[in-house]
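Reviewing the structure listed below.
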Amino acid sequence: RHFRPDGDAIGSTKGLQRILQLSFPEKEILLIDSECAQYLAFMGPEDEDVADEVYAQGLAIVVDTATEGRISNKKYSLCSQIIKIDHHIPVDNYGVLNWAEEDRSSASEMIVEFYDTFRDELVLTKEAALYLYTGIVTDSGRFRYESVDGRTMRYAGLLLDKGIDTQTLFAHLYMEDYHFLKFKA
């Protein structure tokens, strides 16, 4: 994902990781990125870094990043294969497979479509749904931006049907520091 990650960068990567871990338990699927966004800390930690040799044997899936220069974990280039999944205007085709659709609200929406297309082979839990919903909600401006269409809303509905707690999610997203609130007052 990109450096200085936002809700979509974190939500899409964590959601995809969880779907793949549950769907392919025999595989080791790691999410390694030292950068996080404090307001999204409620989504939990990520995996510890591994030796360069592990990267060399692996497949990197870079999500929500149009250009190579914005990829936060530079060790992705050590991997033998790279896949790019992105919703920005295509700039760099740095993967052996590049799935870029600039008319999408978010990379998270694309991951939900991936799940929906292969739902007979993939597993989507409430936890993964929460990550992906967070990504869609934050990158779509709470469903207000022009890129939101019926497909976006149908995928959001698919995620809501998993039973995610939107009250708690929005409480986390809108939580503000007490001193900042005093300053605003």
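The values are calculated or read from the model by the stated rules, or taken from the named source; none is laboratory data. Please read these numbers as outputs of a predicted model, since none were measured by experiment. Note that we place each Cβ from the backbone using ideal geometry, even for glycine, and neighbour counts take in every protein chain shown. Accessible surface is based on the protein model in full, side chains and every heavy atom, while ligands, DNA and RNA are left aside. Shrake-Rupley method; radii C 1.70, N 1.55, O 1.52, S 1.80 Å.
Some notes on this structure:
- Scalar couplings 3J(HN,Hα) for segment 73-88, obtained by applying the Karplus form with A = 6.51, B = -1.76, C = 1.60 to θ = phi - 60°, are 9, 5, 6, 4, 5, 6, 5, 6, 9, 9, 10, 10, 10, 8, 10, 9 Hz; x denotes Gly and Pro.
- Whole-Å distance, taken between Cα centres, linking segment 90-132 and segment 19-42: 14 Å
- FRET efficiency, 1/(1 + (r/R0)^6) with R0 30 Å, evaluated for Val50 and Thr168 via beta carbons: 0.40
- Per residue accessible area of segment 15-77, 1.4 Å probe, in Å²: 57 Å²
- Cross-link pairs exceeding 29 Å between alpha carbons, from the set Lys74/Lys126; Lys84/Lys126; Lys74/Lys162; Lys14/Lys75: Lys74/Lys126; Lys74/Lys162.
- Measuring nothing but protein heavy atoms, the accessible surface of the chain at 1.4 Å probe radius is 53 percent carbon and sulfur.
- The C-alpha atoms of the chain occupy a region whose extents along the principal axes are 52, 38, 33 Å, arranged from largest to smallest.
- Where labels lie 7 Å past Cα in the beta-carbon direction, separation of Ile83 and Leu97 in nm: 0.4 nm
- Loop trypsin sites (Lys or Arg not before Pro), segment 1-71, which have at most 15 other Cβ atoms in a 10 Å radius of their Cβ (DSSP): Lys27
- Accessible area (Å², 1.4 Å probe, nearest 10) - Asp103: 90 Å²
- Phi to ³J(HN,Hα) by Karplus 6.51 cos²θ - 1.76 cosθ + 1.60 over segment 11-26, Hz, x for Gly, Pro: x, 5, 6, 5, x, 5, 4, 5, 4, 5, 4, 6, 7, 10, x, 7
- Looking at the chain alone, DSSP beta bridges between its own residues are antiparallel in about 10 percent of cases.
- Ellipticity estimate at 222 nm from DSSP helix runs (n ≥ 4, -39,500 (n - 2.57)) divided over the chain, nearest 500: -12000 deg cm²/dmol
- For segment 99-185, the list of trypsin sites (Lys or Arg not before Pro) that fall in a loop by DSSP and count at most 10 other C-beta atoms within 10 angstrom reads Arg144.
- Segment 72-166: relative contact order as a whole-number percent, Cα under 8 Å and 6+ apart: 23 percent
- For segment 105-144, chymotrypsin sites (Phe, Trp or Tyr not before Pro) meeting the loop criterion (DSSP other than H, G, I, E, B) and having at most 13 other Cβ atoms within 10 Å: Phe118, Phe143.
- Exposed GluC sites (Glu not before Pro) absent - longest run of the chain, DSSP non-H/G/I/E/B, at most 13 other C-beta within 10 Å: 49-101
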